[in-house]
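Here the structure is laid out as structure tokens; the discussion comes afterwards.
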Amino acid sequence: MFKNGVIFFMSSPKSVKLTSSEMASLWSEYISHTHNSCVLQYFISKAEDIEVLDVLKKTYQIVENLKDNTKQILQSENVPIPIGFGSQDVDVNAPRLFSDSFFLKYIKNLSRIMVVTCGLMFTLSTRKDTREHFKKSLSEATIIFDNVSDVLLDKGLYTRPPFIEPPKKSDFVENKDYMNGVNLFGNQRYLNAVEISHLYGNIEANVLGKALTQGFGQTADLKEVREFMQKSADITEKIINEHTQFLTDSDLSAPMPSETQVFSSSHPPFSDKLMMYQITILSAAGLSDYATSLATSQRNDLKRHYMDLLGDTAKLAKKAEALMVENKWKEQPPQQDKIKY
């Protein structure tokens, strides 16, 4: 096609190879779906509440469909299918480790991560079929979020961010005292809505992470995995406490962890490999969340706080990856085969 002095080559998706970005996205997505499938199988086998079970089954079906679609694209492009996770990584007959309310909050966090990652994968895609694939994945992630949010609201389990009174008028920041967290009277100013939003969301994610690492720590097979989970639990508790202090200093409430979310079973429902992968996913999400919080928060004490969190979380993620490599649990992504001289 010739238009405005430019030649456009019209070609079908099949005649255009996957870009490295598309290959990476599909490869990562497939592993994630196999992981989610295993986790959901266990949750479904243990859920008692009918509404909770319905959410889990609908989510499982969505994940399975997306996994099949992803696999089909990879196969059509002769990309080796990742090993991922399977029946060897989950024991649906293991005793209950988490409560039904935890299942719902896990699915809410899962859908949130899916929305972010699928949105990014969509924007990194070039071919129309891959764009359509990730557009579908993004749409399905919003359906999961809607489903679980409705049930959480109906059951009174949805933890809402704090309400604040809207300002009387729009205004501009007049001096650097605002960034230093000082109000017109020389006292520490209250958090603004953007800062509250990120603090609250980060607490929610870490409350879930603390419950997961507690459950994983008491069921992991290897000693080094149990010790890693304890270290992770300590860090999440520290983050929860520090974030909560920021909110309470502004006379705001914070979401609190439920003492009934984790049961005392020591029989592992998941393999050490799957549990470590789960923590790497949460660490990656945490790094993204803290970076965004750092960029959008305006109080300098908050910025310093998030800088520290980024360092701590990066160290934890590095230790997790080293542990996975040591045990041959970390799959190698596709890479350039040409030898570099």
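The values are calculated or read from the model by the stated rules, or taken from the named source; none is laboratory data. Quick caveat, the model's predicted, so the values are computed rather than measured. Virtual Cβ from ideal backbone geometry, glycine too; neighbours counted across all protein chains shown. Quick note on the areas: whole protein, heavy atoms, side chains included, nothing else; ligands and nucleic acids left out. Shrake-Rupley method; radii C 1.70, N 1.55, O 1.52, S 1.80 Å.
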For A47, are the conditions met, namely being within 23 Å of L157 (Cα to Cα), more than 17 Å from the chain's Cα centre (by Cα) and surrounded by 16 or more Cβ atoms within 10 Å (Cβ to Cβ)? yes
Which one of the conditions (1) in a loop (DSSP other than H, G, I, E, B); (2) under 18 Å from S37 (Cα atoms); (3) polar (S, T, N, Q) does N109 fail to meet, given that it meets all the rest? (1)
From (1) at pLDDT 95 or above; (2) in contact with a Phe, Trp or Tyr (Cβ under 6 Å, 6 or more places away or on another chain), pick out the condition that doesn't hold for D272. (2)
Out of D312, D221, sole residue that is open to solvent by 60 Å² or more (accessible area, probe 1.4 Å) and of a type outside the set (K, R): D221
Criterion (assigned to a helix (DSSP H, G or I), open to solvent by 80 Å² or more (accessible area, probe 1.4 Å) and charged (D, E, K, R)) met by exactly one of K210, K273, K238: K238
With respect to K328, is the statement that it is closer than 24 Å to S271 by Cβ, open to solvent by 100 Å² or more (accessible area, probe 1.4 Å), part of a helix (DSSP H, G or I) and without any contact (Cβ under 8 Å) to a residue 12 or more places away in the chain true? no
Have a look at V194, V148 and point out the one that is part of a helix (DSSP H, G or I) and under 17 Å from Y106 (Cα atoms). V148
Show the residue pairs meeting these rules: Cβ distance below 7 Å; 6+ apart or different chains; first residue within the stretch 133-150 and at negative phi and modelled with pLDDT under 95; second residue open to solvent by 10 Å² or more (accessible area, probe 1.4 Å) and of a type outside the set (A, V, I, L, M, F, W, C). none
Based on what the data block shows, is F263 of a type in the set (A, V, I, L, M, F, W, C) and either open to solvent by less than 30 Å² (accessible area, probe 1.4 Å) or over 30 Å from L97 (Cα atoms) (or both)? no
Among E64, E51, E22, which is the only one that is assigned to a helix (DSSP H, G or I), of a type in the set (D, E), more than 24 Å from S149 (Cβ to Cβ) and touching a residue at least 12 places away in the same chain (Cβ under 8 Å)? E22
For the stretch 276-285, name all the residues that are touching a residue at least 40 places away in the same chain (Cβ under 8 Å) and either open to solvent by 40 Å² or more (accessible area, probe 1.4 Å) or of a type in the set (A, V, I, L, M) (or both). M276, I279, I281, L282, A285
Specify which of the listed residues (S139, S125, S149) is of a type outside the set (A, V, I, L, M) and surrounded by 21 or more Cβ atoms within 10 Å (Cβ to Cβ). S125
Residue match in the stretch 123-131 (condition: part of a helix (DSSP H, G or I), out of contact with any His (no Cβ under 9 Å at 6 or more places or on another chain) and under 27 Å from S297 (Cβ atoms)): yes
Return yes when L247 is touching a Pro at 6+ places or on another chain (Cβ under 9 Å) and farther than 18 Å from A317 by Cβ and no when it is not. yes
Any chance the stretch 17-27 includes a residue that's of a type in the set (K, R), open to solvent by 20 Å² or more (accessible area, probe 1.4 Å) and more than 20 Å from G209 (Cα to Cα)? yes
Can you find a residue that is hydrophobic (A, V, I, L, M, F, W, C) and either over 27 Å from I164 (Cα atoms) or open to solvent by 30 Å² or more (accessible area, probe 1.4 Å) (or both) anywhere in the stretch 286-293? yes
Based on what the data block shows, is T219 in contact (Cβ under 8 Å) with a residue 40 or more places away in the chain, among the β-branched types (V, I, T) and over 21 Å from D91 (Cβ atoms)? no
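Conditions tested, residue by residue: (1) in a helix (DSSP H, G or I); (2) free of Cβ contacts under 8 Å to residues at least 60 places away in the same chain; (3) surrounded by 15 or more Cβ atoms within 10 Å (Cβ to Cβ).
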residue	(1), (2), (3)
D234	yes, yes, no
A295	yes, yes, no
Y306	yes, yes, yes
K318	yes, yes, no
L323	yes, no, yes
Q332	no, yes, no
